[in-house]
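Reading through the structure tokens given below for one structure.
Only the coordinates and a few stated rules stand behind these numbers; no lab work does. Keep in mind the model is a prediction, meaning the values are calculated, not measured. Glycine gets a Cβ as well: all are built from the backbone with ideal geometry, and neighbour counts include every protein chain shown.
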Amino acid sequence: MAKRSDIHSVLIIGAGPIIIGQACEFDYSGTQACKALREEGYRVVLVNSNPATIMTDPEFADRTYIEPITPECVEKIILRELEEMRRIGANGKLVLLPTLGGQTALNTAMSLCRSGVLEKHGIEMIGANARAIERGEDRQVFKDLMLEIGLDVPISGTAHTVEEARQIAERIGKLPLIIRPAFTLGGTGGGIAYNREEFEEISKRGLELSPVSEILVEESLLGWKEFEMEVMRDRNDNCVIICSIENFDPMGVHTGDSITVAPIQTLTDKEFQLMRDASFAVIRAVGVETGGSNIQFAVNPDNGRMVIIEMNPRVSRSSALASKATGFPIAKIAAKLAVGYLLDEIRNDITRETPASFEPTIDYVVTKIPRFAFEKFPQADPTLNTQMKSVGEAMAIGRTFKESLQKALRSLEIGRYGLGGDGKPWRIGEKVIGDRDIFPRDLIIQKLSVPNAERIFYIRHALRAGFDIEQIFGLTKIDRWFLVQIKELVDFEECLAASRE
Amino acid sequence: MNAELLAKAKSLGFSDRQIANLTGRTEDQVRAERKSLGLVPSYRLVDTCAAEFEAYTPYYYSTYDRGDDEVRPSDRKKVMILGGGPNRIGQGIEFDYCCVHAAFALKEDGFETLMVNSNPETVSTDYDTSDKLYFEPLTLEDVLHIYEREKCWGAIAQFGGQTPLNLALSLQKNGVNIIGTSPQSIEVAEDRKLFAAMLRKLDIPQPPNGIATNEAEALAAAHELGYPVLVRPSFVLGGRAMQIVYSDTELHHYMRFAVEASPERPVLVDKFLEDATEVDVDCIADVGQFEDQSEGTMVIGGMLEHVEFAGVHSGDAAMVLPPHTLSQEVIGTIRQYTHAMARELKVIGLMNVQYAVKGTTVYVLEVNPRASRTVPFVSKAIGVPLAKMAAKVMAGKSLKELGFTSEIWTKYWTVKESVFPFNRFHGQDILLSPEMRSTGEVMGLDADLGIAYAKSQMAAGAAPPLSGTVFISVSDAHKDDLPEVARLYADLGFELIATNGTAAILEKAGMKVRRVSKLSEGRPNAVDLLKNKEIQLVINTPAGQAPRADEVKIRTTAVYTGTPIMTTMSGARAMALGISALRKSGYSVKTLQEYH
């Protein structure tokens, strides 16, 4: 199969302004897509309201609209472009690629689809069709589909009123419960309810914030291990795993706020293969015909039960990370798949020898750490939960987890030059604690048990205060393998300190 | 130091800073010792195939794991571009945009470009943006190794925001050729005393200011200047930053709880210019290339007039290009000052100046001889890639050679609006302040100013309502402007809602108002109406430094219910202008290619 010749112009919707949960990764993916599609000779029409992006530089698209990304405005653009295409006598159609501009693009495209605008003007969506998007995005439909293909999911129910939410809570039987509003970005309005009062409050907020007044009430998987797979599929049903990612922070912390590591470090090969097979089953069942998807898993550390949490039928924040972690340009390949190429027909730019159907292998460890800005919002709660709060991230590459972790920590630019020992004192409220001082036990316990931006450093403080791995695991549920790695760093810090002449 | 111990430390990822501190040395000593032992990182390729096949795209990371170094030698002239590191509020995509442009520009001019950055979300860390990509932390240690390993000709530090700028001086001390405006000039702009001296020399006014190392001095300074004053630490700790202070009580509080003042870390006290109009100017210059600075060229890329009055961080303010209310005289003064400072600072590359205009007096607030947050916006607005040109200027081309010698004054309007993450931080008040809190920006473009503003609001997710009800509640300071602003909405056919105090003023001015209870007086109140979607727009200006709880509640409810809210009178005026334009003619769309 070769690229489609019935297409003349491709309309790409960007992600709009940078907000928490939707940052410049979509400039990266959109820019790649623009380049890839123009390389193939298509006329690229772009809409994005964010002038600070590279993709809106006039040379990256044939037609660049710096206009609001609203269904109304995009319809105006479609009409104008159809007219322009008639004027220039274009032979071929205008299609819409909605999977590269984050949730904003996907929501806008879906809105145009539901209101019949796309059908009326004969605009086909490429990359992912409306049905697949709906299956991936509607949590209940997605869960039912997973159960149908024999995969496990957290017990849950969908509610449209607080009363319905209460009934589901009753059925699941125990708190804490997770509340996720439908169709909101980065989990806006969601949360974890530990008691009935919180449950009512978060449910209400979630219903208000969901554009379709819908929330998912879900069994808590707090403390479970969390993993992600980046998958791509082509029209011939070839599937590849681009990258596997493990969340250092267990379930309960939004993956955008978690420290993440690639490739997965703590699964056996057998477990990994199960997850790989499940990923392919998911992308097929949802029906993403071409392009990339991100699939999230949780594994119960006590018994190994694996459940599917969600999938994004589009290029996501994790795709950008996976691209940088492996060197495999997911957005570029996704754009080429969308116009008809097959994975084995696309050459890997890096090796120039292997096709894109070769799964990347990596011989190093990648660590990503989120960067927060709580000092700007002193009235807000700095606890990390299922609603993303970080404003950026740093990534580092090393030959071991230890090397990449320390590099990532000093990449964060928060005045730290590694896990510890750099001499910078710690400021806790009005108190100042020296870098090599022993922290009070109650503070350590509090900072380990409630997820927060500094938790990684408190693992060091705990080890130095004499906590053992089991105690720290009990408080954090962070996999013991990671804790052992950190202990090696802390032990070596003591070796260095002891060598002081 | 024990060589084996040192090697082990490096392989575990310990930085020189950590090792130095733990073993009682300086960072420089550790680096020197390592180098004498030949203990430097090797660079490996990210190649998708674990070295199974040959890799053609040079994407590197460093490691102290023993093994091959895979850097491909080349004898081309190399320029290193220092990226911005992780995104944070105040340093985001705008700087990545500039770095990417630097890479494109220098590639065009035949240099080999090396990008150093640690942010995976960016275009700058795409492997085909630069000739070589180093995915590395932006610290002195890591950057210096790459520079030395690659034997670069120069490094660009003025594009990646504060991160590379903070490294510039120490890199230079270690032999790095920082191209463009010299780090010394950057220091003049950043050092308060040197900067004041420069302004005196050029006869350019600056708001009256003082310095305080303790509470008594701060009070004395404030009394001399007169309230309100803008206070900020010269050395920022954990985000406790700028504040506008109106009274002794507030200043006491600030000095006791917000900062730790000391002789080494004084607090800066500036006279705050109330109701002044702020203007941001981005310009490009090559004057530093010439012995005789008058031979150089300096071009203003764009003047951006803030919609909100002084006191709102320039990263948070809405802005209009070209200025929409300034007189020709004021614009002329701004132009003259900008030129004078660019020459004095021998700028090679970009410079951003922030001005405050009060009456016909133009004050300089700040000068940054580097790429600013507004460079991409201005570049798109005028159709000239400023960052790209600046990179070429820094590498030796003159603006004359590049054919950019005169200012562009657009015939259409571009409006920049900021986007905030308040919906993520429940309970956080949303007022704009000198502390930047926006995460992103949008642009509205149109031949009509009102439509351009309306588009910027739509793009920011607060589409102007075309009809309905406006809830108005303003502070005493704004009561004089109240009737005029309210009338704009009444004339557009909006129903006005207010609580008793405000309602009385509006009625007195002859407008019809629906009264609503204060939050403490009973229900239904404004919060109820917001939740019921009975209010389409909120105009609420703050009642001073310590906002009343019910005000905060109204503002956060507006955010929460997605109701557009204007917290400044000038914002409310602009919104009325936008609504009026939309109602008159609707809006149309047009491509950037057609504008330029």
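For segment B:147-230, applying the loop criterion from DSSP together with a ceiling of 14 other beta carbons within 10 Å to the trypsin sites (Lys or Arg not before Pro) yields B:K151. Just so you know, the averaged projected area of the alpha carbon convex hull for segment B:545-596 sits at 6.2 nm².
Calculated on C-alpha atoms, the gyration radius of segment B:102-222 divided by its Kirkwood radius gives an Rg/Rh of 1.12. What angle do you read, to the nearest 10 degrees and between 0 and 90, between the alpha-carbon axis of helix B:27-36 and the longest principal axis of chain B? Approximately 30 degrees, to the nearest 10. According to the Kirkwood relation over distinct C-alpha pairs, the hydrodynamic radius of chain B is 26.4 Å. Cα extents for segment B:1-60 along the principal axes, largest to smallest and rounded to whole angstrom: 44, 19, 18. When the pairs A:K174/B:K533; B:K132/B:K392; A:K376/A:K447; A:K35/B:K455; B:K107/B:K151 are compared against a 24 Å limit on Cα-Cα distance, A:K174/B:K533; A:K35/B:K455 fall above it. Across the cross-link table entries B:K380/B:K416; A:K143/A:K368; B:K8/B:K35, which are compared at the Cα atoms, the separations over 23 Å belong to A:K143/A:K368. Checking the a/c ratio against 1.5 first, then a/b against b/c, what shape does the Cα gyration tensor give for the protein assembly as shown? Rounded. For chain B, the longest principal axis of the Cα atoms and the long axis of helix B:328-344 meet at an angle of about 20 degrees. By definition, a body whose alpha carbon gyration tensor gives a ≥ b ≥ c is oblate when a/c is 1.5 or more and a/b is not larger than b/c, and segment A:143-190 fits this oblate description. Cα centroids of segment A:387-433 and segment B:125-173: 20 Å apart. With the convex hull constructed from alpha-carbon coordinates only, segment B:206-330 shows a mean projected area of 10.5 nm² over all directions. Sites listed here are GluC sites (Glu not before Pro) in segment A:381-437 whose DSSP assignment is loop and whose Cβ has at most 16 other Cβ atoms within 10 Å: A:E430. With a ≥ b ≥ c taken as the square roots of the eigenvalues of the C-alpha gyration tensor of segment B:462-573, please select rounded if a/c is under 1.5 and otherwise prolate if a/b is larger than b/c or oblate if it is not? Judged from the Cα gyration tensor, segment B:462-573 comes out rounded (a/c under 1.5).
Say R0 is 25 Å: what FRET efficiency, to the nearest 0.05, do A:R347 and A:S5 get from their beta-carbon distance? Efficiency, from the Cβ-Cβ distance: 0.75. Centre-to-centre separation between the Cα atoms of segment B:7-29 and those of segment A:1-16: 52 Å. Considering chain A at the alpha-carbon level, its Rg and Dmax are found to be 23.5, 81 Å. Per-residue Karplus couplings for segment A:451-468, computed as 6.51 cos²θ - 1.76 cosθ + 1.60 with θ equal to phi - 60°, are listed in order as x, 8, 5, 9, 4, 4, 6, 6, 5, 5, 4, 5, 4, 6, 8, x, 5, 9 Hz, Gly and Pro entered as x. Listed by chain and number, the lysines placed with their C-alpha closer than 17 angstrom to that of B:K518 are B:K531, B:K553; residues fewer than eight positions away on the same chain are left out. From the Kirkwood radius over Cα pairs of segment A:1-141, Stokes-Einstein at 25 °C and 0.890 mPa s returns a whole-number translational diffusion coefficient of 162 µm²/s. Cross-link reach is defined here as a Cα-Cα straight distance under 16 Å, omitting same-chain residues fewer than 8 places apart; for B:K584 the aspartates and glutamates meeting it are B:D446, B:D448, B:D491. Of the trypsin sites (Lys or Arg not before Pro) found in segment B:512-596, the ones in coil according to DSSP and having at most 12 other Cβ atoms within 10 Å of their Cβ are B:K512, B:K533. What are the aspartates and glutamates whose alpha-carbon lies under 12 Å from the alpha-carbon of A:K225, with same-chain residues fewer than 8 places away excluded? Cα-Cα hits under 12 Å: A:E246, A:D249, A:D302, A:D479. Kirkwood radius, segment B:75-158, all distinct C-alpha pairs, inverse of mean reciprocal distance: 12.5 Å.
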